[in-house]
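Here the structure comes first, spelled out in structure tokens, and everything after it is commentary.
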Amino acid sequence: HMASPLPGKYQAKVEGIPENAYVQSVSLDGVASDDSTLDLSRGARGSRIKITVNSDGGQISGRVLDKDGDPVVSFIVMIFFGNDPEKVSQQGTNRVVDAKYSYKRIRPGKYRLFAVDPLAFSIDMLQGNASMKPFYEAGEEIEIKPGDRIVKDVKVLAKESVHVK
């Protein structure tokens, strides 16, 4: 239930679901949303939202390694996980803590996974001005199937493997 929301676009999120569950679908007045966005730009009076949660979500975790295969020690390294190069920085960005990462509640599908040390590239990336597309394309594609529990180590992307314009 949303009490008198202001006109605009909202991202549907469900809190308190088990770590193996994910939001399978979101619809507004019977129209499905591809990315869980609810468009209430024209108001919401009398609208119906339906959110379906599935309990067969995937998980992926592992270590983040440097170019030599050792666990990273930098506090700046970021790991990214997503299925859209234009939205990957909003889909799944985490700081690497103790050279480990973990993503839960993943909807089955194909994703890209990559780790980046922003200092190795440019100040634009640190300020959020750089396109993530070259990093996304250099990342490894991973398919998550229903119920998967994947353990995968990821090396930080080397400058030579990313073609930043």
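The values are calculated or read from the model by the stated rules, or taken from the named source; none is laboratory data. Note that the structure is a prediction, hence the values are computed from the model and not measured. Every residue, glycine among them, receives a Cβ derived from its backbone with ideal geometry; neighbour counts consider all protein chains shown. With ligands, DNA and RNA removed, areas are computed over all heavy atoms of the protein, side chains included. Shrake-Rupley method; radii C 1.70, N 1.55, O 1.52, S 1.80 Å.
The table below lists the values:
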| read-out | value |
| --- | --- |
| Accessible surface, 1.4 Å probe, highest first, among residues 67, 50, 152 | 67, 50, 152 |
| Out-of-range pairs (alpha-carbon distance over 32 Å; input 67/104; 100/133; 104/133; 50/100; 104/159) | 50/100 |
| Fluctuation leader among 47, 33, 74 - the chain, Gaussian network, Cα springs under 10 angstrom | 47 |
| Whole-percent carbon and sulfur share, accessible surface of the chain, 1.4 Å | 48 |
| Under 5 Å, built H, 5+ apart or other chain: amide partners of residue 62 | 101, 152 |
| Expected 222 nm ellipticity per residue - DSSP helices of 4 or more, -39500 (n - 2.57), all of the chain, to 500 | -1500 deg cm²/dmol |
| Euclidean distance of C-alpha centroids, region 69-121 and region 1-28, integer Å | 23 |
| Area accessible to solvent at residue 29, 1.4 Å probe radius, in Å² | 90 |
| Which of 78, 2 is most accessible, then next, and so on - probe 1.4 Å | 2, 78 |
| Contact order normalised by residue count of region 32-105, Cα under 8 Å, 6+ apart, percent | 34 |
| Listed residues 137, 15, 86, most fluctuating in the chain (Gaussian network, C-alpha, under 10 Å) | 15 |
| The chain, dipole about Cα centre (Lys/Arg Cβ +1, Asp/Glu Cβ -1), debye to the nearest 20 | 520 |
